[in-house]
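What follows is a set of notes on a single structure, which appears directly below.
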Amino acid sequence: MELETLFVIGMFLTFGALLMTGFPVAWVLGGTAVIWTVVGVVAVENFGANLWFDYPSSMGLAPERIWGIVESETLVALPMFIFMGIMLDQSGIAERLMNSMVKLFGAVRGGYAVTVIVIGVLLAATTGIIGASVVLLGMLSLPVMMENKYDKGFAVGTACATGTLGILIPPSIMLVLMADRLAVPEASVGDLFMGAFLPGLMLGTMYVGYAILRPLLQPNVAPVPEGLGKVDISVIWEVCKAVVPTAALILGVLGSIFAGLATPTEASGVGALGALLLALFAGRLNLPVLRSSLYQTTRTASFIFAIFLGATAFSVVLRGLGGDEVIESALLGLPFGPYGVILTILFGVFLLGFFLDWVEITLIILPLVAPVVQQLGFDLVWFTILFAICLQTSFLTPPVGFALFYIKGVAPPEIKVTDIYRGVVPFIIIQLVALAIVFLVPEIATWLPSVAYD
Amino acid sequence: DDLRWKMPVAFATNLPGLGSPAAWVADNLTTASNGSIRVRVYEPGELVPPFDILQSVSDGKVSAGYTWIGYDQGKVPAVPLFAAVPFGMKPWAYIGWYYYGGGHDMLQQVYANKGFNVHAQLCGIIGPETAGWYANKIETLEDYDGMKIRFAGLGGKVLERLGASVTMIPGGELYQALEKGTIDATEFSMPAIDQILGFNQVVKYNLFPGWHQQFTAQYLLINKDEWDDASESQQALVEASCTAATTLGLAEGEYRNGAVLAGFQDEGVQADQIPREVLLELKAVTEEVLEEESERDADFKRVYDSQQEFMETYKVWDSRAYLPSDL
Amino acid sequence: MTVSDQGPSGHPTVTDADELIHHHTELPDTGISRLLDRALTAIGKLASWFWVVVTGVIIWAVVGRYAFGQGSVLLEELQWHIAGAGWLLGLAYTLVVDDHVRVDVIHERLSLKTQGWIELFGLLLLLLPFLGIAIYEMIPYALSSYQVGETSQAPAGLPHRWVLKAILALAFMLIALAAVSRLFKVTALLFGFPRPLKPRTSQPETHSQDQQGDAA
Ligand code: NA
Ligand code: NA
């Protein structure tokens with residue numbers, strides 16, 4: 001085996017092993033970069049290894065590369081969308097949606113589950129903070145579903161999976177980060193937002209399908225609740241009143257991007273202001289709330305950017321050790337043909353998703369594989385959306401599945417971890433089916449960007 | 001000694017004229033030197049963000065870099081004069097001044113005066129850019145007033161004076177911004193490159209002449225210590241390769257642009273001329289801006305004066321010697 | 001803190017979400033750490049207000065463009081300058097409240113002592129060397145920007161680029177301070193040096209309402 005290949009494998013193994021110690025991911029990345037800089041320099045200087053590796057053009061470039069992150073205009077959207085999500089969370093919009101929509105759908109078999117999904121999709125189109133969505137949906141819906149004797153796994157799986165839609169359905173900080181890393185005109189933030197829209201909706205619809213079909217086949221999973229009022233005009237009016245602010249925000253943010261009134265970065269600022277106003281009108285905005293939301297935004301943005309810092313060091317050292325060539329030739333050397341390469345990458349990302357979260361995968365893996373995908377002549381928007389669906393799924397796959405952790409924390413005590421695992425399995429299958437559909441019918445991802453911009 | 005250069009580039013090597021010479025130079029140096037100079041090209045952002053190529057070459061973090069040096073005008077105010085000058089020289093006039101009029105030595109001096117430890121070598125040039133892609137026709141100077149336009153460099157400063165709202169939206173977002181009307185107009189490069197970015201699919205007015213960039217020059221920047229350590233034969237080979245790349249880059253653009261432009265017109269793109277009165281006005285404002293820059297930076301003044309002086313003597317030749325294009 | 005006792009209405013917030021995934025090692029406090037943490041937290045909280053400013057600048061830019069047809073290169077640059085300073089200065093604060101993401105699968109099952117050893121080696125062999133190299137490279141980077149009087153490359157952009165480059169170097173120094181503070185807590189746990197402080201009756205601020213983050 002060539003030295004480069006050994007080093008690249010060694011670097012990834014070091015990263016994986018150190019990660020398992022539980023030391024923060026960001027610093028494990030940075031530290032691994034330092035360790036392998038030392039290995040690389042020693043190999044070249046003391047053992048005469050025939051490598052194009054030196055300190056100045058690897059770790060030595062840290063300030064230039066980190067500055068490149070600081071001066072990115074696109075990335076301003078990241079903290080802004082986070083702030084928007086946190087403010088929105090404070091505004092109590094979700095609670096109002098839940099209270100009104102339960103009356104609308106409650107009487108149908110599986111109606112509570114459908115309600116959760118519909119609200120989840122609406123929330124997803126306004127924000128992308130998965131923690132918030134999962135916690136909110138779990139807290140609001142699980143007690144009601146338990147009261148009505150829903151199957152524990154069915155109930156908790158629905159709330160958990162629905163909460164992850166926000167990372168795929170735009171606006172999404174994951175898509176912002178992906179566009180920044182890809183840095184090509186054909187996969188800009190706007191393209192990716194457009195491209196993810198239909199697949200996201202499709203997933204939501206498939207979730208709803210599951211929530212309706214499963215109780216039809218197994219009625220005891222979701223008994224029809226008794227004693228609910230009839231659906232009349234006042235109920236519908238309630239729902240409308242609850243939906244209007246959400247719809248306004250969706251229109252303001254996604255609408256202004258899709259209509260070209262604002263760049264995605266600008267739209268993120270408009271969204272932040274919109275969420276602030278909604279919290280204000282809901283009477284929930286005061287100084288302590290604003291303060292804690294701002295602190296929260298800083299900590300969330302900072303930990304994502306911290307991973308960015310570690311990842312940029314990791315990448316430059318990996319590149320110095322020949323990582324690009326190794327991975328490119330490994331992928332292109334696969335005997336499955338172009339589509340096989342894509343499937344291999346996606347399968348790899350799905351597996352990585354069990355252990356890593358989306359930030360590391362986006363920052364390290366996406367830039368490594370994107371050039372290969374382009375070289376093979378595939379549409380980068382299509383591929384990135386497939387990649388994004390894989391990463392959304394990673395929130396649901398143990399052992400490191402953040403949505404699972406979140407839901408575990410808010411679920412009533414009678415819901416056990418095994419219920420959660422059992423409950424998300426059907427949704428993981430739905431995710432894979434959706435992945436297959438988008439893989440086979442690329443137009444689901446590419447059609448909207450093409451009609452919007454051509 | 002054998003040289004191994006890591007060479008980050010500012011433009012993707014698939015961009016004709018702009019990025020392609022970098023890949024050619026890298027290959028040619030290895031082949032022609034029989035492996036005594038080996039150059040590895042790093043596409044934009046792979047190693048160093050494009051705007052930091054000068055810094056990292058000067059610091060010796062990478063041995064060489066290939067870039068449009070105008071990106072560094074925030075650090076070295078005089079470099080735009082070597083990269084693209086509004087109402088500046090035609091490409092062959094520019095290389096005349098660069099090779100024979102003292103330009104090459106002045107450039108080394110300009111970098112040294114700002115403390116940058118680099119050797120710069122002209123290593124690619126393309127002809128005029130288009131004056132941009134516009135949603136609406138430009139008929140008078142007032143049309144620039146209030147226009148939302150993406151326009152780089154000194155030309156941007158000129159348009160700002162005329163009341164345009166100049167932004168620097170990242171290249172990746174240009175297409176959408178233009179399509180959606182976030183901006184009314186943008187410039188980027190010459191037709192063979194603009195085509196790759198797809199502006200012709202979005203707006204129908206492609207304006208000429210490219211008053212803001214009659215020539216666009218790229219340079220190979222080499223760490224000065226690395227350059228001084230190179231043998232004379234290696235240095236000679238770098239100089240010769242870059243001179244050849246300059247010719248090839250210009251040739252590639254000239255060869256392709258006509259066909260591309262004709263293709264645009266078949267698709268209904270209107271290749272309009274900016275009216276002469278407007279050009280005269282733009283020229284007057286440009287001179288104001290350049291004079292101001294001269295007052296601010298001694299190197300800028302020295303280079304600008306040298307270029308002005310050359311253009312003055314060149315004028316009579318330029319206006320008489322070439323056939324009018326309609327003949 | 002459990003989620004259900006948050007707020008009068010029981011309204012769950014994102015801040016609760018963090019409690020559910022972040023597993024914090026309960027390190028003892030020390031005198032010097034408390035001092036450092038307080039300062040770094042104050043800086044991080046101050047920087048948090050930048051988000052309001054960025055929102056304002058963006059709105060200003062958008063309104064300016066549509067209402068007055070005003071140019072905005074300056075405002076565009078202002079956005080990433082302020083946002084950049086915001087998250088850069090928040091990095092140390094995020095370390096102080098231990099909000100950087102960990103893979104907890106094994107970690108949370110380990111004894112406090114073992115976690116302490118992991119933290120010790122992690123800080124000494126991973127974080128501090130990384131920060132050391134970065135700071136060593138960032139200081140000349142900022143300095144050279146100052147020396148050439150670097151401005152924006154856009155003629156209408158912001159001058160004094162060295163300021164943000166200096167903030168970049170400063171931010172890394174602050175992270176290093178946060179790491180040192182944490183290092184003292186770890187050695188206090190493992191070796192009793194510096195002397196661990198008895199937990200105060202009312203928990204220090206950083207451990208009650210601020211130990212919250214979110215894996216977006
Ligand atoms: Na979203
Ligand atoms: Na997972």
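The values are calculated or read from the model by the stated rules, or taken from the named source; none is laboratory data. Since we're looking at a predicted model, the values are computed, not measured. Note that we place each Cβ from the backbone using ideal geometry, even for glycine, and neighbour counts take in every protein chain shown. Accessible surface is based on the protein model in full, side chains and every heavy atom, while ligands, DNA and RNA are left aside. Shrake-Rupley method; radii C 1.70, N 1.55, O 1.52, S 1.80 Å.
Before moving on, here are some points about what is shown:
- Residues in the stretch A:46-64 include at least one that is assigned to a helix (DSSP H, G or I), free of Cβ contacts under 8 Å to residues at least 60 places away in the same chain and buried (at least 23 other Cβ atoms within 10 Å of the Cβ).
- Options A:Val359, A:Val349, A:Val316: the member that is away from chain C (no Cβ under 13 Å), surrounded by 15 or more Cβ atoms within 10 Å (Cβ to Cβ) and part of a helix (DSSP H, G or I): A:Val349
- Residues that are outside any helix (DSSP H, G or I), surrounded by fewer than 24 Cβ atoms within 10 Å (Cβ to Cβ) and within 13 Å of chain B (Cβ to nearest Cβ) within the stretch A:254-283 comprise A:Ala259, A:Gly260, A:Leu261, listed in sequence order.
- Those residues of the stretch B:35-63 which are free of Cβ contacts under 8 Å to residues at least 60 places away in the same chain and part of a strand (DSSP E or B), in sequence order: B:Arg38, B:Val39, B:Arg40, B:Val41, B:Tyr42
- Of everything in the stretch A:412-423 that is closer than 13 Å to A:Ala161 by Cβ and within 16 Å of ligand 2 (Cβ to nearest atom), the residue that is most open to solvent (accessible area, probe 1.4 Å) is A:Tyr421.
- Breaking point among (1) buried (at least 24 other Cβ atoms within 10 Å of the Cβ); (2) outside any helix (DSSP H, G or I); (3) not aliphatic (A, V, I, L, M), for B:Gly74: (1)
- Just one residue in the set A:Ile66, A:Ile86 is within 26 Å of C:Gly122 (Cα to Cα) and touching a Ser or Thr at 6+ places or on another chain (Cβ under 7 Å); that residue is A:Ile66.
- Out of A:Phe402, A:Phe336, sole residue that is in contact with an Asp or Glu (Cβ under 7 Å, 6 or more places away or on another chain) and of a type outside the set (Val, Ile, Thr): A:Phe402
- Residue within the stretch A:215-234 that is surrounded by 19 or more Cβ atoms within 10 Å (Cβ to Cβ) and charged (D, E, K, R) present: no
- The stretch A:151-164: number of residues that are farther than 15 Å from A:Pro413 by Cα, more than 16 Å from ligand 2 (Cβ to nearest atom), touching a residue at least 60 places away in the same chain (Cβ under 8 Å) and away from chain C (no Cβ under 14 Å): 2
- Test: residue in the stretch A:414-422 that is away from ligand 1 (no atom under 16 Å from the Cβ), at negative phi and in contact with a Pro (Cβ under 7 Å, 6 or more places away or on another chain): yes
- Of the candidates B:Glu139, B:Glu160, the single residue that is open to solvent by 50 Å² or more (accessible area, probe 1.4 Å) and within 22 Å of B:Phe188 (Cβ to Cβ) is B:Glu160.
- Verdict on C:Val73 being of a type in the set (A, V, I, L, M), in contact with a strand residue (DSSP E or B) (Cβ under 9 Å, 6 or more places away or on another chain) and under 27 Å from A:Val76 (Cα atoms): yes
- Selection within the stretch A:268-297 - over 19 Å from the mean Cα position of the chain (by Cα) and among the β-branched types (Val, Ile, Thr): A:Val270, A:Val289
- Of the criteria (1) out of contact with any helix residue (DSSP H, G or I) (no Cβ under 6 Å at 6 or more places or on another chain); (2) part of a helix (DSSP H, G or I), which one A:Lys149 fails: (2)
- Across the stretch B:118-149, the number of residues qualifying as part of a strand (DSSP E or B) and at pLDDT 85 or above comes to 13.
- Taking the stretch C:121-155 as the range and being open to solvent by 30 Å² or more (accessible area, probe 1.4 Å) and assigned to a loop (DSSP other than H, G, I, E, B) as the test, the residues that pass are C:Gly149, C:Thr151, C:Gln153, C:Pro155.
Yes or no, residue by residue, for (1) over 20 Å from B:Thr67 (Cβ atoms); (2) open to solvent by less than 10 Å² (accessible area, probe 1.4 Å); (3) in a helix (DSSP H, G or I); (4) away from chain A (no Cβ under 12 Å):
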position: B:Ile183; (1), (2), (3), (4): yes, yes, no, no
position: B:Ser189; (1), (2), (3), (4): no, yes, no, yes
position: B:Gln195; (1), (2), (3), (4): yes, no, yes, yes
position: B:Asn206; (1), (2), (3), (4): yes, yes, no, yes
position: B:Gln213; (1), (2), (3), (4): no, no, no, yes
position: B:Tyr219; (1), (2), (3), (4): no, yes, no, yes
position: B:Val238; (1), (2), (3), (4): no, yes, yes, yes
position: B:Ala245; (1), (2), (3), (4): no, yes, yes, yes
position: B:Gly249; (1), (2), (3), (4): no, yes, yes, yes
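- Residue in the stretch A:113-124 that is of a type in the set (A, V, I, L, M), outside any helix (DSSP H, G or I) and open to solvent by less than 10 Å² (accessible area, probe 1.4 Å) present: no
- Checked against the criterion of being modelled with pLDDT under 85 and within 30 Å of B:Glu46 (Cβ to Cβ), the candidates A:Glu186, A:Glu238 yield just one match: A:Glu186.
- Residue within the stretch A:196-205 that is open to solvent by 60 Å² or more (accessible area, probe 1.4 Å), within 16 Å of ligand 1 (Cβ to nearest atom) and touching a helix residue (DSSP H, G or I) at 6+ places or on another chain (Cβ under 8 Å) present: yes
- Hits in the stretch A:235-246 - residues which are in contact (Cβ under 8 Å) with a residue 60 or more places away in the chain and open to solvent by 30 Å² or more (accessible area, probe 1.4 Å): A:Ile236, A:Glu238, A:Lys241, A:Val243
- Residue list for the stretch A:178-229, filter: part of a helix (DSSP H, G or I), within 14 Å of chain B (Cβ to nearest Cβ) and aliphatic (A, V, I, L, M): A:Met178, A:Ala179, A:Leu182, A:Ala187, A:Val189, A:Leu192, A:Met194
- When we screen A:Ala388, A:Ala436, A:Ala403 for residues that are part of a helix (DSSP H, G or I), aliphatic (A, V, I, L, M), at pLDDT 90 or above and buried (at least 23 other Cβ atoms within 10 Å of the Cβ), the only hit is A:Ala388.
- Just one of (1) open to solvent by 10 Å² or more (accessible area, probe 1.4 Å); (2) modelled with pLDDT under 85; (3) in a helix (DSSP H, G or I); (4) within 16 Å of ligand 1 (Cβ to nearest atom) fails for A:Arg96. It is (4).
- Scanning the stretch C:132-161 for residues that are at the interface with chain A (Cβ under 8 Å from one of its Cβ atoms) and not small (Gly, Ala, Ser) yields a total of 4.
- Any pair with Cβ under 6 angstrom, 6 or more apart, that starts in the stretch B:133-153 at a residue that is within 14 Å of chain C (Cβ to nearest Cβ) and ends at one that is among the charged types (D, E, K, R): B:Met147/B:Asp184; B:Lys148/B:Asp184; B:Phe151/B:Glu187
- Looking only at the stretch A:390-411, and only at residues there that are facing chain C (nearest Cβ under 7 Å) and touching a residue at least 40 places away in the same chain (Cβ under 8 Å), the one that is nearest to ligand 2 (Cβ to nearest atom): A:Val400
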